[in-house]
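**Q** One structure, as structure tokens, below. Some questions next.
The values are calculated or read from the model by the stated rules, or taken from the named source; none is laboratory data. Nothing here was measured: the structure is a model prediction, and the numbers come from that model. Here the Cβ positions follow ideal geometry from the backbone for every residue, glycine too, while neighbour counts run over all protein chains shown.
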């Protein structure tokens, strides 16, 4: 049965009419397919916005400014609100409103500041951290947040049956890796102790200068085990506890509403220990894959800020409304992940040929156009002073020679390659450019396929792909945050590739305190990674987005983290 109600019909006609009369900043209202147009209508309906009379009523932004309600585009729909299972950027951007770790981040430069722990001590050898928790810290149900909650949470994410992708980030804790691998079954042997209710002691496997910053990342957030137990197993996937009216957090906001594909609402938590600092009353998160739709929503006053901006509109905003455009530094790399278990792609020479046939400079200059840098290595240059020596240049002659050596001269006999990417105009444009480069330079047939983000995550976990568009943004400002992704023990590897020498270089680097010696080991590791080419780096990020002038304390940061407790709205 197919119908459109008269109300939606009126909204549609009003939307089309009003958009024709909007100031477009040189960008019109492009034609939409029926499905994408209906999805756009669904988004606007979710904002409870009245379209009659061409928006005579006040917009979300105008109302939000007065009521301290932030409306934010958040990119793809979140995969999970369980901090130990979420892996995406959207997940982080929402989870940090709902949960707080032992430490949190300064809003300007992200250095570690007290969170649930009001202070901490570090032993002279840098191996033992003792955290003293705030007695006033509470869960959103009113229960106290205890040292035992953190200890139980760390044991939970390390439990093998949970199969948490980011569990490897806790391997810095003594005995965490053998416990997560099932080689050690006694949790009492983990380097985690609770001398009393408000004291947590963590012993590290090796000294880590970035440990405090790492504690702000989602795998180290606490979860309320007593709440999880009400709805299922605490150590298996699928527990439905992270839903409205069930989720219990300890952050500055609590979950009020989650309508899949439309919006998520979080409201200020009355039990948060530092509630007096929090100025925002609510945050409304909108999952919008379509960047054109997100830009139109911003232009219509429905969003205070977008997650991204279509590349085709960067120049227009830069010239006509630069006060709305932000291009912030961002420590991240866009790359293609290769499934090395697949025939044809299991040949290093083939993978190297693919990597050398990508003209990264052309992509950055002609498609992205917002300061993104061609990525000739995986780690961005000058990451905590480290810049890779090894690199992948654009060398089509060398690429053709490697493909011929692999037995496929001019692509003869090579099977088609499937390139999978999550829905986005920019991802599609980059994929089409690389498809053409591989066709022109290597005579290879490339079939493009796009899927929604949740389907992409499922395919990635199952290894159901050949070449997969991927992105990595740093957990901490450290090259190990990038290179550690592709160790054999990493839960985020997903390429099927492993290399003992690579693992050993990073093992030694993590335990080396001398900066020059550490960098030398990292250089060797990156050289192995680029030579073996289980990944193809494409470009290093900048964060390009739109933001209303009424949003304050949204500082540019290398990790694109913005602690919500410091953000507020105020008209000029």
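**Q** Suppose we filter segment 460-475 for residues that are buried (at least 16 other Cβ atoms within 10 Å of the Cβ) and either outside any strand (DSSP E or B) or not assigned by TED's automatic domain parsing to the domain that holds residue 535 (or both); how many remain?
**A** 5
**Q** Turning to a different aspect of this structure: Here is a check on your reading of the model: is residue 457 closer than 30 Å to residue 326 by Cβ and modelled with pLDDT of 95 or more? Reasoning before the result, please.
**A** Working: closer than 30 Å to residue 326 by Cβ: yes; modelled with pLDDT of 95 or more: no.
Against the criterion (closer than 30 Å to residue 326 by Cβ and modelled with pLDDT of 95 or more), residue 457 does not qualify.
**Q** Checking the structure you have, find out if any residue of segment 67-79 is at pLDDT 95 or above, in a loop (DSSP other than H, G, I, E, B) and surrounded by fewer than 21 Cβ atoms within 10 Å (Cβ to Cβ).
**A** Yes, some residue in segment 67-79 is at pLDDT 95 or above, in a loop (DSSP other than H, G, I, E, B) and surrounded by fewer than 21 Cβ atoms within 10 Å (Cβ to Cβ).
**Q** Hey, among 227, 234, 271, which residue is assigned to a helix (DSSP H, G or I) and at pLDDT 95 or above?
**A** So the residue among 227, 234, 271 that is assigned to a helix (DSSP H, G or I) and at pLDDT 95 or above is 227.
**Q** Within segment 415-426, identify whether any single residue is surrounded by fewer than 18 Cβ atoms within 10 Å (Cβ to Cβ) and either within 17 Å of residue 536 (Cβ to Cβ) or touching a helix residue (DSSP H, G or I) at 6+ places or on another chain (Cβ under 6 Å) (or both), and answer yes or no.
**A** Checked against the condition, which is being surrounded by fewer than 18 Cβ atoms within 10 Å (Cβ to Cβ) and either within 17 Å of residue 536 (Cβ to Cβ) or touching a helix residue (DSSP H, G or I) at 6+ places or on another chain (Cβ under 6 Å) (or both), segment 415-426 yields at least one hit.
Yes/no per residue for (1) more than 20 Å from the chain's Cα centre (by Cα); (2) farther than 17 Å from residue 69 by Cβ; (3) surrounded by fewer than 17 Cβ atoms within 10 Å (Cβ to Cβ):
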site: 224; (1), (2), (3): yes, yes, no
site: 236; (1), (2), (3): yes, yes, yes
site: 240; (1), (2), (3): yes, yes, yes
site: 264; (1), (2), (3): no, no, no
site: 268; (1), (2), (3): yes, no, no
site: 272; (1), (2), (3): yes, yes, no
site: 278; (1), (2), (3): yes, no, no
site: 284; (1), (2), (3): no, no, no
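**Q** Can I ask one more? List the residue pairs whose Cβ atoms are under 9 Å apart, where the first residue sits in segment 489-501 and is in contact (Cβ under 8 Å) with a residue 24 or more places away in the chain and in the same structural domain as residue 171 (by TED's automatic domain parsing), the second is surrounded by fewer than 17 Cβ atoms within 10 Å (Cβ to Cβ) and in a loop (DSSP other than H, G, I, E, B), and the two are 6 or more positions apart or on different chains.
**A** The qualifying pairs do not exist here.
**Q** What pairs come up if the first residue lies in segment 551-572 and is free of Cβ contacts under 8 Å to residues at least 40 places away in the same chain, the second is buried (at least 19 other Cβ atoms within 10 Å of the Cβ) and not in a loop (DSSP other than H, G, I, E, B), and their beta carbons are under 8 Å apart, counting only those six or more places apart or on different chains?
**A** Pairs found: 552/569.
Matching residues to (1) modelled with pLDDT of 95 or more; (2) at positive phi; (3) in contact with a helix residue (DSSP H, G or I) (Cβ under 6 Å, 6 or more places away or on another chain); (4) not assigned by TED's automatic domain parsing to the domain that holds residue 473:
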{"site": "147", "(1), (2), (3), (4)": "yes, no, no, yes"}
{"site": "159", "(1), (2), (3), (4)": "yes, no, no, yes"}
{"site": "164", "(1), (2), (3), (4)": "yes, no, yes, yes"}
{"site": "182", "(1), (2), (3), (4)": "yes, yes, yes, yes"}
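**Q** Does at least one position in segment 388-397 carry a residue that is outside any loop (DSSP other than H, G, I, E, B), within 26 Å of the chain's Cα centre (by Cα), assigned by TED's automatic domain parsing to the domain that holds residue 531 and buried (at least 20 other Cβ atoms within 10 Å of the Cβ)?
**A** The answer is no; no qualifying residue exists.
**Q** Restricting attention to segment 323-369, which residues are in a helix (DSSP H, G or I), touching a helix residue (DSSP H, G or I) at 6+ places or on another chain (Cβ under 6 Å) and buried (at least 21 other Cβ atoms within 10 Å of the Cβ)?
**A** Passing the criteria: 352, 353, 356, 363, 368.
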